[in-house]
Amino acid sequence: MGLDSTGRAHWEGDLTGGSGTTTLDSGAAGPMQVSWKARSEAHDGFTSPEELIAAAHAACYCMAFSGRLGKAGGSNIVIDAVATATFVPGEGITAMTLTVRGSAGGVGEEEFLSLAEDAKENCPVSQALAGNVPITLDAAVA
């Protein structure tokens with residue numbers, strides 16, 4: 001059986017002048033303030049849907065990559081991932097970039113990079129974005 005994960009949002013005002021909050025039913029974060037300005041100009045303490053998607057992508061990627069490194073016999077696995085979603089008003093999310101640095105004892109650089117690419121292609125968030133948003137990966141052994 002699957003697990004449902006729920007986020008909520010409340011908004012007041014028009015698109016450009018309004019603002020709102022978003023919360024996670026898990027209680028792990030929130031309420032977080034959201035606004036149009038955070039999407040199109042500067043975050044200034046507010047978040048945006050794109051920043052939340054980027055955070056979800058970074059976390060999902062780390063899980064997928066660590067699983068692959070573990071199955072390959074890696075030990076002392078450490079992964080740092082940064083996901084950046086590019087939003088262009090009127091176009092939407094136009095790109096997602098994953099920058100990954102990490103290490104895993106017993107896994108050589110070539111295998112590390114191959115597993116990094118496989119995780120990029122197959123983590124659930126990457127799959128949700130596939131065909132809609134180009135995803136680039138910059139991976140290296142730390």
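The values are calculated or read from the model by the stated rules, or taken from the named source; none is laboratory data. Computed from a predicted structure; not experimentally measured. With ideal geometry, Cβ positions are generated from the backbone for all residues, glycine too; neighbour counts draw on all protein chains shown.
May I ask you to verify whether Asp14 is without any contact (Cβ under 8 Å) to a residue 40 or more places away in the chain and either part of a loop (DSSP other than H, G, I, E, B) or in contact with a Lys or Arg (Cβ under 8 Å, 6 or more places away or on another chain) (or both)? It is true that Asp14 is without any contact (Cβ under 8 Å) to a residue 40 or more places away in the chain and either part of a loop (DSSP other than H, G, I, E, B) or in contact with a Lys or Arg (Cβ under 8 Å, 6 or more places away or on another chain) (or both).
Here's the yes/no breakdown for (1) part of a loop (DSSP other than H, G, I, E, B); (2) touching a helix residue (DSSP H, G or I) at 6+ places or on another chain (Cβ under 9 Å); (3) more than 25 Å from Ser40 (Cβ to Cβ):
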position: Gly73; (1), (2), (3): yes, no, yes
position: Gly90; (1), (2), (3): yes, no, no
position: Ala95; (1), (2), (3): no, no, no
position: Glu117; (1), (2), (3): no, no, yes
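For first residues located in the stretch 39-58 and free of Cβ contacts under 8 Å to residues at least 40 places away in the same chain and in a loop (DSSP other than H, G, I, E, B), partners that are among the small types (Gly, Ala, Ser) and surrounded by 16 or more Cβ atoms within 10 Å (Cβ to Cβ) and lie 6+ apart or on another chain with Cβ distances below 8 Å form the pairs Asp44/Ala38; Phe46/Ser35; Phe46/Ala38; Ser48/Ser35; Ser48/Ala38.
Would you check which residues across the stretch 97-115 are under 12 Å from His57 (Cβ atoms) and not in a strand (DSSP E or B) and list them? Quick ask: steps written out before the conclusion?
First, the residues of the stretch 97-115 that are under 12 Å from His57 (Cβ atoms): 97-100.
Scanning the stretch 97-115 gives no hits.
Check the stretch 88-99 and report whether any residue there is assigned by TED's automatic domain parsing to the domain that holds Ala128 and buried (at least 18 other Cβ atoms within 10 Å of the Cβ). Within the stretch 88-99, one or more residues are assigned by TED's automatic domain parsing to the domain that holds Ala128 and buried (at least 18 other Cβ atoms within 10 Å of the Cβ). Of the candidates Gly74, Gly17, Gly27, the single residue that is farther than 25 Å from Ala130 by Cβ and buried (at least 17 other Cβ atoms within 10 Å of the Cβ) is Gly74. Only one of Ser126, Ser75 is under 15 Å from Ala56 (Cα atoms) and either touching a Gly at 6+ places or on another chain (Cβ under 8 Å) or of a type in the set (Ser, Thr, Tyr) (or both); which? Only one candidate qualifies: Ser126. Looking across the stretch 118-142, the residues that are surrounded by 14 or more Cβ atoms within 10 Å (Cβ to Cβ) and either of a type in the set (D, E, K, R) or within 15 Å of Ala54 (Cβ to Cβ) (or both) come down to Lys120, Cys123, Val125, Ser126, Ala128, Leu129, Val133, Ile135, Leu137. When Glu110, Glu117 are screened for being of a type outside the set (Lys, Arg) and without any contact (Cβ under 8 Å) to a residue 12 or more places away in the chain, only Glu110 passes.
Remark: Gly131 matches the filter, which requires a residue to be without any contact (Cβ under 8 Å) to a residue 12 or more places away in the chain and either more than 27 Å from Gly30 (Cβ to Cβ) or not in a helix (DSSP H, G or I) (or both).
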